Structures are given as C-alpha cells and as structure tokens.
1. Taking residue A:73 as the residue in question, decide whether it is buried (at least 24 other Cβ atoms within 10 Å of the Cβ) and more than 12 Å from chain B (Cβ to nearest Cβ).
2. Determine whether region B:847-865 contains at least one residue that is out of contact with any Gly (no Cβ under 7 Å at 6 or more places or on another chain) and within 11 Å of chain A (Cβ to nearest Cβ).
3. Give the residues of region A:269-320 that are at pLDDT 85 or above and among the aromatic types (Phe, Trp, Tyr), sorted by residue number.
4. So, in region B:289-313, how many residues would count as being among the basic types (Lys, Arg) and in contact (Cβ under 8 Å) with a residue 60 or more places away in the chain?
5. Would you check if residue B:999 is over 21 Å from residue B:940 (Cα atoms) and within 14 Å of another protein chain (Cβ to nearest Cβ)?
6. Which residue out of A:62, A:71, A:99, A:57 is at pLDDT 95 or above and within 15 Å of ligand 2 (Cβ to nearest atom)?
7. Take residue B:1006 and tell me if it is surrounded by fewer than 21 Cβ atoms within 10 Å (Cβ to Cβ), under 22 Å from residue A:110 (Cβ atoms) and of a type in the set (D, E, K, R).
8. Checking residue B:772 against (1) among the small types (Gly, Ala, Ser); (2) surrounded by 17 or more Cβ atoms within 10 Å (Cβ to Cβ); (3) over 28 Å from residue B:618 (Cα atoms), which test does it fail?
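The values are calculated or read from the model by the stated rules, or taken from the named source; none is laboratory data. What you are looking at is a predicted structure, and each value in this text was computed from that prediction instead of being measured. Cβ: placed from backbone, ideal geometry, glycine included. Neighbour counts: every protein chain shown. Side chains included, ligands, DNA and RNA excluded: accessible areas come from the protein's heavy atoms. Shrake-Rupley method; radii C 1.70, N 1.55, O 1.52, S 1.80 Å.
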Amino acid sequence: MEIKDYLEGIQKCDRAILGKSITLTESSLKKDKIKAEKLLSKCIHLKQKSLRIGVSGTPGVGKSTFIESLGRKLIKENYKIAVLAIDPSSNLSKGSILGDKTRMEHLVNSDLAFIRPSPNSGTLGGVSKNTKDAITICEAAGFDIIIIETVGVGQAETLVKSMTDILIYLTLIQNGDELQFIKKGILELCDIILINKCDQNHKKSKQVAVSLQNSLTYTQQKIKQSILVCSALNGFNITNIWEQIKTIEKQKNKQGIIKKNRIQQNIFWFKKILKDELYDLIKTNPKFKDVIDNFKNKPNTNPRTAVSKIIKKTFKEDLK
Amino acid sequence: MKKNIFLEKSSLFRKQSKKDWNKLNKTQKYFQIEDGKFDCIYFKDERKYSNTYCNNQNWEICVEIDLKTNKKANKDALNALKNGANSICFLNFNNHNLNIILDQIQFDILKINFKNIKTSLAKIVNQLIEIAVSRYGKNYKTKIQGFFHISHEDYKKFKDIISIINLQEKLPNYRLLNLEINKNNSMKEQFNNIEAIFQLMRNENYNSNFIISKDTIAKQLITFSYTLSNQFLYEISTLRAFRIAYEKKYKCTPIINCSINYNTSDDNSLIETCVKSIAAILGGTDMITIKYNEKNIQLYLMQQLILKYESNLHKVTDPLHGSYFIEYLTYHINNTKQNKIKIKKKNNFWQTFEGINIKSRYTKSTNKNIQHLNYGAGEPPFLRGPYSTMYSQKKWTIRQYSGFSTAEESNKFYKKNLKAGQTGLSIAFDLPTHRGYDSDNERVFGDVGKAGVAIDSIQDMETLFNGIDLSKTSVSMTMNGAIIPIMAFYIATAEKKGIKKEQLTGTIQNDILKEFMVRNTYIYPPAASMRIVRDIFKYTSQYMPKFNNISVSGYHMLEAGASADIELAYTLCDGLEYVRNGIQAGLKIDEFAPRLSFFWGVGMNFFMEIAKIRAARFLWSQMIAPFHPKNPKSLMLRSHCQTSGWSLTKQNPKNNITRTTIEALAAVMGGTQSLHTNALDEAIALPTNYTAKIARDTQLFLQNNTDICHAVDPFGGSYFIEKLTDELIHKAKKHITEIENMGGMVKAIEQGIPKLRIETSAIKRQTKIDSSENLIIGLNCFQNKEKTKIKILEIDNKKVQNNQIKKLTTIKKNRDNTLIKKALKNLQTACSNQDGNILELAIVAAKAQATLGEISNTLEKVFERYKAKTIINSGVYAMEKKNDKNFITAQKLTDEFKLINGRRPRILTTKIGQDGHDRGIKIIATSFADIGFDVDIAPLFQTPKEIVKQALENDVHIIGISSLAGGHKTLIPEIINLLKENNRNDIIVIAGGIIPELDYKYLKNKGVNKIFGSGTIVLDAAVEILNELLLKWK
Ligand SMILES: Nc1nc2c(ncn2[C@@H]2O[C@H](COP(=O)(O)OP(=O)(O)OP(=O)(O)O)[C@@H](O)[C@H]2O)c(=O)[nH]1
Ligand SMILES: [Mg+2]
C-alpha cells in the first residue's frame, strides 16, 4: 500500500486502514519506519481539533471499565471517540494478552468508537512515541476525543502527561493509609483523581475523597484538581465526571494552557526522539564500535571521555 | 473472621448398624447370586474376614491370534503390538515357522504364549530356543518368557515328548500348564483339582531322578484362565477369593488370565467387555486376553489402553480391599478363614490432579483417623446413599439430555425414546432461548435450533410436550438464564392440558451462580438473578411440591477443567448460597431444602469420582445441619450425574463408548439417582439415533445385565475409597471455608475468584495432556490415522429459524396485544418492587402469548443485561512448560516472525454467537501469549460484524474462532465475507472446537485456513499456525 492510500483511508476514517496505519508506526522494520515517518508528517497537517484524555492507574483499578462507562456517555452525545489502550504486562521476551476490549463491550460494538489495544514495545509502563503517533493518526481521522489507557508505573505518568490534555488517575481506597497510597508526584500531574469501585464501600470512599481534597488546597496549582468518587462498573458519578472534564478543558483553554502544553509536549518529544534516535544511530554505527566496546570492557573508562570522543568524531566540522 | 459452617459434632448423626438399617425398611432385603444369598448392604462390624492379596497392580494385554499362514500371523502380531498389546498368544500351532512368525517381534520384552498346540511341544520349544539364541545369545534363558496353555488333558499327550524338568531347564521363565477356573466348582473343588494335577505332574516325572516340588509347580509352572460372566460384583469377588486362597495355600501368587470375548459386529459389545474388564482388573487379574479380529482388534485394544492409562484402575493394589460388601462375598466364596498376610510396604506415590497422593496399597491402618466410617445409607449424613435400599428397590433414572431444532422434531424424538425405555425427559434448549432472545432477534443469527430446541412461546412448549403425559413423565429442563419465561411456558402448558401444577414432577436446573463461573449463559447480574431464584423457590414450594426447583451443578465446572475437589467445593458453596437465599425469601428450611438436587460431572478417574459423590452427601449434611431442619430429607443430597463430555475424543469416536461406560459405572458406584450417558459423537456433534441408543444401552446393560443394582454402596468400606473420600472431604472443606471468608459465593463470584481458580486448573490439565503426562488414547498416544466415519446429525438452522420466525409472526398477529401490554407492565412492576412474584406474573403473560424475548426483555429493563468479566491469567502455561523442547521451538518461531514482520504475530481469539463456553478459547489465549503471540480477546457473544470490526481495528494477522454450539457453518463464512468487503482477506481465519469433520471441506472452501478439532495439542496448533504465517510473510 502507498502512502496516499493510507492517507485516503485515514481521512475516510476507514477502520481497516486506520488499524494498518497504527501498525505501521509500531513496526520495528526499517522500511516501515521510513514509511511511517512520511505518513505522520502528512497526518500532522490533517490534524483536527480533539481532546486528549489520559486514564492511568494501577492494574485492575478499573480503567477499562471506566472508559467504557464514560465512552457510553460520550457516544450518546454523538462524539466520535478513539481509545488507545496500552498493555502493561508484556515484556520483550513474550507476547501479551490484550483484554481491554472485554471490558468495553459497548464501545467495541459502536460505530462511533475506535479501540486499539497495543502491546507495549518494551518500555516501562508501555507508553512510547508509538502512542503519540497513534494519537496523531486518530486526530487526522477526525476523532473528537482520544482516550489513552495506561498503567501508572514509574515514569509512565510523565509520558502520558506529555501527550494528553487532561490526565485522570484512578485509585482505590485501601485499608489504612489511603493518602500514602497515592504516589507523591502523581497529585501534581493529574487533573482528576477518581476513587473507583465506590459501590463496594461508598461511605468510606466519600470520606477519603473529602480529606484528600482538603489536603490538596495547599498545593499550588493554577487549576485545582478535583477528587471524585466513582463506580466505573455501575456508572455512578460518570455524568458528573464528564462535566468536570469539560469544565477543566474550558478553563485550560481560556488560560491558553492546552495550547501551551501542546507546544511544550512537542518540545519534550522532539528532545526525546532526538535523544533516542541519535543514541540508536551511534550505537549501531561501526565507526563507534571501538569506543563503545572499549567503554564496555574497561571498568576505568570515563564516560565523559567516551562521549566527547564520539562527539568529536561526529561533529568535527561544527566544533571547529 | 473465620466461621465454621460445618456442624461437625460427632454425636450429630447416628452411626448405622445392620439393626438400625433393617428398621429403616420393611421390604425385601436379600438377593441371590449364583449359589449365595446376600444382604444388599454390609457394615463395618461385618467385615470380620477382611483380606487382601499380595502382588498385583498392573495387568498385561494379550492378543490371541489364530495361526493360519506364517506371514499373516506375523503381520497380525505386529499390528496388535503396535496398537498396545504387550503379549501375544498363538493358537493352533502346527508345523509353522516361528522364525517368520516372530520376525521383528522383540520377544525378549514380551510374553509369547501358545495355546491349542497341534504339533509336538518339542518342535516349538526347539524353534523358540534356536531363535532366541540367535537373537539374544547364550543368555536367552532369562530373557524370554511366556505360557504354554496346556490343559490337564493335553498334558498327558505331551508327557512322552519332553519332561517338565527338561523344559524347566531350557526355558525357566515359561509356564507350562494351564488350568481353567471353573465357575461351577466351589473353591474347595477348585483346589482339589489343582492338587490332583500337581500330583499328576509329579508322578509323570517320577521316573527321572529329579522330583519336582509342589512349590515349583505352584510358583513357576502353572497359570490359570478364567472367563467372566456379567456379574460385576460377584466376579470381582471370585477372582479375589481365588487369589487370596491360592496365596494362602501355596505361599505365592497365582497367574490369572481372563479371556474377554466380544461380538465383532456389534458396538454394544464394547459396553459388556468394558464392564467385564473392570471386574477382572479390580479382582486382580494378571492378564486380559482378547481375540484378534482384523476389523475390531484395534478398538478392543484401545479399550484396554483406556482402562490402563485414563481411568487409573491399577494405581492401588487390591483397591477394594476392606469393602464390606466385596469382602463378604469374597469370604462367602472362599468359605475359609484366612490368615493374615504380610505385606511388603512400598512407598511410592501417585499424585492425582487434585494433589492427593495415592499410595500403592491401603489397609486397615490407613483408615485409622477417619471420622465418617460408621455412617450408613438412608439416614443422615447419607454417606452410603440417600436411600436405604438404593437400586435394589428403585433403579436410577435413565435421563438422556436431548433436544434439537424445532419443538416438532424434538417431540418426535422424545416420544421415541420414552418408548425405548428411557424413564425421564431432559430438555436441551438452544442458545438464543438460554440467553432470552426470540429466534427473530438479529443477534442470534446462526444459533437458532443448534445444540438444543428453539422455544419462543407457549405454543412451542405445547408442541414440545404434545402427546406426552406431563402428570406422569418427569421432565428435567436445563435452563438457567431465561428461567422465568421457560418455567412460565411449562406451567401454563400443563395447566392448559388440564394438569394441575401440583402434579408436575421433574427438575429445573436454575443454577445461575455456576453460569457466572463457567458456562456464561446468564442474562441478568448475580444479585438480580438471585432474586429470580427466590421467586421460583417461593412459587414452587407453594404450588409444585413434587418438582425439584434447582439442580446445583458441578458438571459444568468439571467440563471447564476443574479438579474434583474444586467441583465438589464450589458446587456445595453454590448450594449453600441458594439455601440462604431461600431463607431470605422467608421460606423455612424444610419447605425447600428437600427439593434441592445436585448435578455432578463424572470423569475418567474412576475411584476419585466415586469418592466425590459420596463425599458430597456427607458434606452437605454437615452444611445444612446448622439450619436445624426437622425433616431429615433436608439434609439429603440427591445426585444427577452426567458422564464427562470433555473426556471424549473426536479421534476414534467409538473409544468414547468405553469412556462413557467407565464413567457411568463410577456414577452408579457413587450412588447417583439419575444418569445421563453421553453419546459417542458428543465431541463432534449432536447424537444420532444410533449413537443415542448405544448411550442408553450402556445404562440398560448396567441395570439389567449385571448384579450392580442389588447392592447398596458395594465399594463402601474399601480402605482406599474411604480414605479418598476422607481426603476429598478435607480438601473441599478448605475451599469452602475460603469462599465463606470472602463473604459467600455471590461475593466471591463478583471478585472473579472461583472462575480464575477453575481456569487455572483447566490450563494445568491442558499442559498435562500436551506433555503426555496424562495420556489420552488416540489423542496424545496411540494415534491412529485411519478415520472412522460416523454419520452425524445435521441441523439446517436457516430452515429452523425461518420456521420459528413464521410462527412468531403468526402469534404476534393473532393475539390480543392490549392483554400483553398489561401483563408485561405488571411483570415489570413486580421486578422493580420487591413484592409480587415474578414467575406468577410471567405465567399470566405466557398465557396471553407473550414471547420468550418479550418476557425476558421486560425483566432486562429493570435488571439490565450482565456483561461478562473476562479475567485471563497468563504465565500458567509457560510455568508448566518452560523446559519443554517444543515450547521453546514455538517461542523461537514467534521471534523469527517478529524479525520479518516488524511485530509479534497477533491473533484475535473469539467465540461467536451465543455460545458462552470459553474454556477452550481461554486456554488458547494464555498459552499463545506465553508462546509469544500478541493475543487480543474479544468479549463474549459477538456477531460476525462485531468480530470483524475488532479484527480491523486491532489489525491482527489471524482470527481464531472457537465454536462449540454448532453455529460455525453460518457464522464463520459471514466473517470471511466481511473481511473481504473490507479488503482484509489477508487475515487468516482459523477455527476450532466442536466441528464435525464432515464440515471441514465446506469451511475450507469458504476460506477457513485451518481447523483444529477438540483435543488438539495446543503447541502443535501454535507451531502449525506459525509456519503458515512464516510461509506467508517470507
Ligand atoms: N465493584 C466494582 N468493580 C469494578 C469497578 N470498576 C472496575 N471493576 C472491576 O475491576 C476489575 C478490573 O477492571 P478493569 O477495567 O479491567 O481494570 P483495568 O484498570 O483496566 O485493568 P488493566 O487493564 O488490567 O490494568 C474488573 O473485574 C471490573 O469489573 C467498580 O466501579 N466497581
Ligand atoms: Mg484495562
């Protein structure tokens, strides 16, 4: 298939071609990578307005179920939505089970929804530039709302943050130290924190939400996070949450935060991709094999020396 | 917060003695077999003469070949050996050339026997030695072994030719003399005969200078042959009696060879030979001999192999040692007091799938700390049977589950079966009916009339029972999800026919909890479903006192791969939950507990299954006692059993006759009240008239041609079985307590725990089969390329659907719609309010001709349709397999594919239509992921369009479809067409599950790339698929 066929399909929102386009961006083959880059550069220009929502939380907290509930609501309001679900469990040595669709039965069967589960490509938490590319493609296809499901481990939140406009974090109340349970740092990143499965313990969930909200008053944020209880399973509070999302979006838009964010995000990704690609290039270039091998084998090599050797070799001209 | 839900006080239940038991019943208590008069039950204190034999655990399979030409004999022998025989007996040796006959036969590891020798013995012996020397050198003597079946009379004929001493020196491991154990002789006469022969032999050799001792004859020279009758219990006892007496008298174990004859032109013969073989094995035979017959030998050899490898009959020496009944019979036959025999202790264990260690021998001391031994039958805790006289008064009900296509067709079939001796009806509904959809619903395209009968309205129900007297015929209905409309139709139909609902007898499955664990044919969420169960309890206890309002089912768990202890525990937990539910509905325990019944699956592990059914009765009594029932029947667990469909194979379907017979026997020994025996083609398709008949005949044979029905719990008291029962009781208690600590079964289900446990168990089972740790004949060993063609029943479901739609249209046109509206409105109000009985109002709607879909939908408006939770546990397969060579190869192939394609092979695994059996597909999903596929899992109950949408979005390489309910011929081609429409016919479609081989061609023509039948080894399938992918992408 030619780039133009891909583009045509994407613009028509042809599911089969959307599916294949995302595959192209995920491929580890060189020829696919080249194609993907071309395709993406075209897609950027087709980009339409969309709202990007990240949904994060530990495994089993109810992310997929929440997306199903929220998605049902959005579809009723005639939004076109795309869901990108990244599987956390797989590692490089084996395949993965992509079961999120079983929790999104309604969305799966709706013409207004496109759901693409992806195995991670070995990165921590699973989010990577592939996800970013998939967003670009979905936006080009004209989806109004793009939801990214990912597990919150390590740096994953930062990465999700760097590709979404609004980040929702799901958590559960546990016995004892509820506040402790939410990792520090996450609070600052998230726009909405949901205490899920409140159907199991409504009163307690409410209490925790209130006390958490109180503790947040002290952190400095332009827009205050909201902390809400929710039952993804039976839909409790979903309407309210959607209102909240819209409010935050409005506020952020008004203050120009979304636009600013996206620029910053671009810079972030530019840096990250640059780093990754350069490193890859150098690592695989025979010219530097000596340096790297040398570095690897001798315990006393100074990393700085090794790097500057490589830089000298690469940027001879510029360094003069 | 551990609470004990078992009332374990030992004073709670009365210990039963013969006297107590006698008081329980006034009718006949004796029966006659052969020359003896026996009670139908024996007790612990009657086990005075408990005895065991020493030395036998495994038996050899010998094939008898009538010698014609040398070449042919050789060919036949090789064929028999290839198919699992480990001994050959040549008949009518007469100037044959042994060198040709034994060509390529490694007779240093086999027994080669001779019978009816027509020539001089010396000829055979010399030839034999010559060949042995040439093949195995001078040391041949210790290597070759066998029997010359020389009878008493023949012996005289041969005595001049070769002396025993002589022969003994040359062929020390050959036995020379064979004596027929004669049924008509008493054991005393039997032994007089033996003595006479010993004497004769010694006299014959008197001339030579050596005297052969009696010891040598007994230990090394003689064998016995025995032909069994159908008297199962009696034959076990006869063989035991002989062994024990012989061991006592000659201080060594006899070699007994049982011949089993079969009728070459009748498949029913397999039932008889199976039962006889089991009797021979449990009686301790050393060898089973079957005749060679070109046409059937393989079938009968496979029967032996199934007995050997699948049913674990020989893991314990003398497994029935200690059984009150068998020991009594044994004693009666021997009629002598026995000395104690010293047994050498061996300490090897065999571990069952449940994790129970089975020792090679069980004795009195094994049973020391067992609590339940003194309980009896017919009174709590019903360990040995719900009724005191069991089958001697009332045989179990032969209840064959069936139903297909339309009500008209099923009705015809039922009437025929009733005529043929079936004693109750058991109705299978099609999937749309189960899931509450009318046949005209677009979601059920492809499922109508498959795997059961389509019922849309009261009209269909009337047709279904046309000409069948519902006041006399007990009707069992397998219905859980759409229970309200179906019960309503049933009751309304009866009333329309002028039968009072009080007269109705039968069972409704109504076990919704297990649906959430295994079968997935639910409609509403757990809590709402329990409300429905409550209303049914209320209604039936008030109006239908003879009707069993629930059949708590373990069968489906077993089928889904659960081990026996899990099936036992979770089913009892479900039962307990229903009891609490009934109490919550305001019923008194005695108002409904006596009507509860249980439904077990019976698999191939013979003794385990017997123990399971016995353990269940005991546990249930302990679990219900805390509710303080006044009526002892409340404490009684009654069982229905079905032989396992999962244990059947599509390869060599006739082997399934053997499997089903073994399982049926176990169910009966466990004391079931009714039984369904599967048809041999159950693993392939719906049974045909022919296969249904064999299934029914299996039960008729057990009831009418054997002595099984005379005895109550005939294996009770066996040290092995009692210990096994005890271990299962303890294991189950652990599981039950765990579920209780989660807050009961409803809570546990909501957390998905039971389902996960069962699935883990299933994957483990699969790995054991894949790695041939568990052998299944014809599947992972003794595969046989020849295909047996059997006719299968085909349902034209388009026709059925059109027929149903037509009926629906007529009904909807002719009925009074204002009446319907009102009835449905009242029904809906009853659902939203807690008062008002849903069933009662549904009956009104049914009479007004509301359809199944309409009634079900009214409930759905209030309760909503439940969405399945799919939890997949990965890694289990890899854990069990990580060192398996094939597993590693498969992993490498996925890596190779990634290098070529840029990503891992990606497969969408799915079911289609309303078929919710997801065990198979889950095993595929986890194991494929562990192998290195990226596996997408589709939700259950998808239409072709929905499946294709997912395949496109996920951009998979393969769609893997599992079909168990027969919708494959319409639904799979539809998927392929849709792929084409989207220009994605590059996506490979594969299918698996229960697909008749006859349909393979059709499906392949439609574009299905590969079809994997039930019982495919997962790794093999994975490798095949990977190779296909690699080929395509290279
Ligand atoms: N009681 C209750 N259960 C819920 C709720 N939300 C989700 N669950 C259940 O929690 C389990 C996990 O839900 P998922 O939606 O798959 O969770 P997830 O976070 O997407 O999980 P991963 O994708 O595996 O990380 C499922 O069994 C859900 O049915 C809720 O609000 N209440
Ligand atoms: Mg998820």
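1. Values: buried (at least 24 other Cβ atoms within 10 Å of the Cβ): no; more than 12 Å from chain B (Cβ to nearest Cβ): yes.
Here the answer is no, as residue A:73 does not meet what is asked.
2. Scanning region B:847-865, I find at least one residue that is out of contact with any Gly (no Cβ under 7 Å at 6 or more places or on another chain) and within 11 Å of chain A (Cβ to nearest Cβ), so the answer is yes.
3. A:270, the sole residue that qualifies.
4. At the first step, the residues of region B:289-313 found to be among the basic types (Lys, Arg) are B:291, B:295, B:308.
Filter once more, so that each one left must be in contact (Cβ under 8 Å) with a residue 60 or more places away in the chain: B:291, B:308.
Count: 2.
5. Details: over 21 Å from residue B:940 (Cα atoms): yes; within 14 Å of another protein chain (Cβ to nearest Cβ): no.
No: the conditions fail for residue B:999.
6. Numbers: A:62 fails: at pLDDT 95 or above; A:99 fails: at pLDDT 95 or above; A:57 fails: at pLDDT 95 or above.
After applying the criteria, what remains is A:71.
7. On the way: surrounded by fewer than 21 Cβ atoms within 10 Å (Cβ to Cβ): yes; under 22 Å from residue A:110 (Cβ atoms): no; of a type in the set (D, E, K, R): yes.
The answer is no for residue B:1006.
8. If we test residue B:772 against (1) among the small types (Gly, Ala, Ser); (2) surrounded by 17 or more Cβ atoms within 10 Å (Cβ to Cβ); (3) over 28 Å from residue B:618 (Cα atoms), just (2) comes out false.
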